[in-house]
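A.B. asks: So that we are looking at the same thing, I have put the structure below in structure tokens.
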Amino acid sequence: MRTLILYGAGKNAVKELENVRKAGYSPVSFCDADPDKQGTNYLGLPVNSLETIKEAYGDFFLWVTLASENKYNAFDYLIRQGIWTEQILNYEEYSRYEGCSLLETQLVVDQNSLFHCCYVGETRNDPPKLQWREQIEDTVNAFLESRNQLIKQIKHGEVEKTPCAGCPSIKEGAYSDVKGISSLSFGFDSPCNLACYYCVHRNAVNKISVEAESQIRSFAWKEFIRCLEQKGQLAESSTITLAAGELTCDPRKKDILDTVEQYHLAILTNAVLYDDRIAALIARPGSSSTVSVDAGTKETYRKVKGLDAFERVFANLRKYASQGSNLTLKYIFLPENCNTENVEGFIQNTVTCGVKNIYISDNIFRTKPHSDEDMEQMAKMVTLARKNDIQVILGDEIGEDKQRLIQYL
């Protein structure tokens, strides 16, 4: 049997490694084009350049671990480097054109509509939204027709005629010839046990409209997901995101988890309540949870989140981490928390509870650029995280300030 090499030593490799092993393969190395990764180890395997792989193994197969459009761009790169399509075990047909990876692979669902993205970086254009039809199958059919038409318009140079005009996510790249949903996000305005003052979904704890609650409770989760499966739009390797509201206090928690547990899950929780089942689900390869903490002190947490639960949250995070849960702690920079005390407190508590990933975000309603002092605090958080071997993700919400941040590091 020829040697198997994994191409792409990144976050999605955790999920793909599971798929590779399910298929009965035992990879011997990663291959990555990033010089900073070459010569290191990832997930217990060495990371080498393509040139090193060719010299060391000669006759080998590749499995591309990258996600979404990155996977197809990797196919394109490898073929240009002389790799045959037959050598790539998970190769899929693709084409190069002007497009958008979110449009090609994502579906966001709330109680009012279906849409392709919630882009909030350099543009504030609303994505085209499709209202729910009376029948779920009619809704799914209408969504697929709308999506495919939008892809076609952008592909043929008519992006200015669409709601996507001016969006920086539109770019030339390699996209799959077979359209499907790799990321399905449910954003129902369900009950929550916090009252974060920046939240777009509610203004007070557990305040949700009677109409919205009726729609949420009557939503046929199983029928909707099965309909997508039957139309070839959803596979077991897809990721389902559960967002908006708080799943741990949702009365339909069991039914929801029963319906989606076969998929990779991304669960957004505030960790005020601990849940054993969620801990087990997000400990699986390819599944995870993001917890928006937004504070480094008890006082700031109470101001921002509306509840005195800072210590309880970090106690629960320690429990999740001890169960092997894949966690990322999110920090939305706000006027209340953009100071040394909160930045240092957040990193210190992150280290103490054993979490190795943080996501730095921004208030999407911010109307003016960050001050130099703000940027210094962001840079301090990045520096402290790196000193403690914590991986830092800079969210798209930061927008143009991403480039400014580099100057402060």
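The values are calculated or read from the model by the stated rules, or taken from the named source; none is laboratory data. Fair warning: this is a prediction, and the values are worked out from it, not measured in the lab. No Cβ is skipped: glycine too gets one built from the backbone with ideal geometry, and neighbour counts run over all protein chains shown.
A.B. asks: Report, by residue number, each residue of region 60-113 that is at pLDDT 95 or above, in a strand (DSSP E or B) and of a type in the set (Val, Ile, Thr).
C.D. replies: Listed by number, the residues that qualify are Val64, Ile88.
A.B. asks: Okay, moving on. In region 2-30, what count of residues is obtained for those that are over 24 Å from Tyr359 (Cα atoms) and outside any helix (DSSP H, G or I)?
C.D. replies: Keep residues of region 2-30 that are over 24 Å from Tyr359 (Cα atoms), which gives 2-7, 18-30.
Now drop any that are not outside any helix (DSSP H, G or I), which leaves 2-7, 23-30.
Looking only at that region, the number is 14.
A.B. asks: Still on this structure, please answer the following. What pairs come out if I take residues in region 258-270 that are in a loop (DSSP other than H, G, I, E, B) and pair them with residues that are small (Gly, Ala, Ser) whose C-beta lies under 6 Å away, six or more apart or interchain?
C.D. replies: Correct list of pairs: Tyr263/Ser238; Thr269/Ser289.
A.B. asks: How many residues does region 62-112 hold that are crowded, with 16+ Cβ neighbours inside 10 Å, touching a helix residue (DSSP H, G or I) at 6+ places or on another chain (Cβ under 7 Å) and of a type in the set (S, T, N, Q)?
C.D. replies: 5
A.B. asks: Let me ask something else. Please indicate, with yes or no, whether at least one residue in region 321-332 is touching a strand residue (DSSP E or B) at 6+ places or on another chain (Cβ under 6 Å), exposed (fewer than 14 other Cβ atoms within 10 Å of the Cβ) and touching a residue at least 12 places away in the same chain (Cβ under 8 Å).
C.D. replies: No, region 321-332 contains no residue that is touching a strand residue (DSSP E or B) at 6+ places or on another chain (Cβ under 6 Å), exposed (fewer than 14 other Cβ atoms within 10 Å of the Cβ) and touching a residue at least 12 places away in the same chain (Cβ under 8 Å).
A.B. asks: Inside region 288-334, can you point out the residues that are among the acidic types (Asp, Glu) and within 22 Å of the chain's Cα centre (by Cα)?
C.D. replies: Step one: list which residues in region 288-334 are among the acidic types (Asp, Glu), which gives 294, 299, 308, 311.
Within region 288-334, Asp294 is the sole residue that qualifies.
A.B. asks: When residues of region 385-406 are filtered for being farther than 19 Å from Glu336 by Cβ and in contact with a helix residue (DSSP H, G or I) (Cβ under 8 Å, 6 or more places away or on another chain), how many remain? Can you show your working first?
C.D. replies: Step one: of region 385-406, the residues farther than 19 Å from Glu336 by Cβ are 385-394, 396, 399-400, 402-406.
The next check asks that each one be in contact with a helix residue (DSSP H, G or I) (Cβ under 8 Å, 6 or more places away or on another chain); those that pass are 385, 388, 390-392, 394, 404-405.
Looking only at that region, the number is 8.
A.B. asks: Exposed (fewer than 15 other Cβ atoms within 10 Å of the Cβ) and either among the aromatic types (Phe, Trp, Tyr) or without any contact (Cβ under 8 Å) to a residue 12 or more places away in the chain (or both): is that true of Glu137 in this structure? Show your work before the answer.
C.D. replies: Working: exposed (fewer than 15 other Cβ atoms within 10 Å of the Cβ): yes; either among the aromatic types (Phe, Trp, Tyr) or without any contact (Cβ under 8 Å) to a residue 12 or more places away in the chain (or both): no.
Against the criterion (exposed (fewer than 15 other Cβ atoms within 10 Å of the Cβ) and either among the aromatic types (Phe, Trp, Tyr) or without any contact (Cβ under 8 Å) to a residue 12 or more places away in the chain (or both)), Glu137 does not qualify.
A.B. asks: Scan region 147-160 and give yes if some residue there is in the same structural domain as Thr259 (by TED's automatic domain parsing), assigned to a loop (DSSP other than H, G, I, E, B) and of a type in the set (A, V, I, L, M), otherwise no.
C.D. replies: No, region 147-160 contains no residue that is in the same structural domain as Thr259 (by TED's automatic domain parsing), assigned to a loop (DSSP other than H, G, I, E, B) and of a type in the set (A, V, I, L, M).
A.B. asks: What is the residue count in region 17-32 for residues that are in contact with a strand residue (DSSP E or B) (Cβ under 7 Å, 6 or more places away or on another chain) and acidic (Asp, Glu)?
C.D. replies: Summing the residues that are in contact with a strand residue (DSSP E or B) (Cβ under 7 Å, 6 or more places away or on another chain) and acidic (Asp, Glu) in region 17-32 gives 1.
A.B. asks: Checking the condition on the phi > 0 side of the Ramachandran plot and in contact with an Asp or Glu (Cβ under 8 Å, 6 or more places away or on another chain), which residue from Gly395, Gly306, Gly399, Gly296 passes?
C.D. replies: Numbers: Gly395 fails: on the phi > 0 side of the Ramachandran plot; Gly306 fails: in contact with an Asp or Glu (Cβ under 8 Å, 6 or more places away or on another chain); Gly296 fails: on the phi > 0 side of the Ramachandran plot.
After applying the criteria, what remains is Gly399.
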